[in-house]
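The structure appears below as structure tokens.
The values are calculated or read from the model by the stated rules, or taken from the named source; none is laboratory data. These numbers were taken from a predicted model, which means no experiment stands behind them. Here the Cβ positions follow ideal geometry from the backbone for every residue, glycine too, while neighbour counts run over all protein chains shown. To get the accessible areas, we keep the full protein, side chains included, count just its heavy atoms, and leave off ligands, DNA and RNA. Shrake-Rupley method; radii C 1.70, N 1.55, O 1.52, S 1.80 Å.
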Amino acid sequence: MLARSGWAVLLCAALAVSAGPALAQTASPSPTPKGPTVEGEVIGGLARGSTLEFTVDATMPGGWEALHLVEVTVLSGGDELEAIRYDIEDVQLKIGEQETVAGTGGEAAGEYLRASGSEVVVTTGGGNFSFHVTTHVIKALPEAARFELGVVDDFGAPTSVTRKLQEPPEEGGLGWETVVTAVLVALLAGGFIGNLFASKRRPPPRLSVYGTIDRKLRTERETSSGG
């Protein structure tokens, strides 16, 4: 009887050990990532005197306030040519080694790019954060330049995407000035052609009362003479 009880105890202990990891996995599910996601675009030109517009759109679960830094890096091959940093808490723009406060007339410039604090536009709402800056090219960038657009959250986790330059959209369609000019030309041309045909067209003869009376008197005289 005691032997059977001992075997029962050993069997229960073995079952508990084998079931332990399974119970542990069920009790603690793996955490889901809560870092930011980011998109963006770069529009403009690379030649000196051109403008480059950078847009970084980020989404942060729990609210945009958990974002700390916006980073824009200009790359060519494996080299970093220029770096733009925007400190979200301090609303401070940095290009190269120079800094300025967003919304002011101060400027920050690196080797290739320059921007004023007044050219920074930030839009926030819920978990969405959008950063836009217009920079001026002070030194031509290579045609093969790439742009890394990213954000860093308060925990130091970076997220970024790489983009190539997009040419600014061409203005399509007809402007109002072109339309108005075309209408005026059409109206003037129509009036000129109408007057030209009207001047060449012989007007129909108009009836004259005096002519009718004169013809009647002549007829009467001829009749009297004949009689």
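Selection of the range 74-105 for residues being touching a residue at least 60 places away in the same chain (Cβ under 8 Å) and closer than 15 Å to Gly150 by Cα yields Val74, Leu75. Beta carbons closer than 7 Å, at least 6 apart along the sequence or on distinct chains, pair a first residue in the range 119-148 that is among the basic types (Lys, Arg) with a second that is assigned to a strand (DSSP E or B) and open to solvent by 10 Å² or more (accessible area, probe 1.4 Å) for Arg146/Leu75; Arg146/Thr162.
Each residue in the range 62-89 was checked for being exposed (fewer than 13 other Cβ atoms within 10 Å of the Cβ) and either assigned to a strand (DSSP E or B) or at negative phi (or both), and 4 pass. Does any residue of the range 39-50 turn out to be at pLDDT below 95, more than 20 Å from the chain's Cα centre (by Cα) and not in a strand (DSSP E or B)? Checked against the condition, which is being at pLDDT below 95, more than 20 Å from the chain's Cα centre (by Cα) and not in a strand (DSSP E or B), the range 39-50 yields no hits at all.
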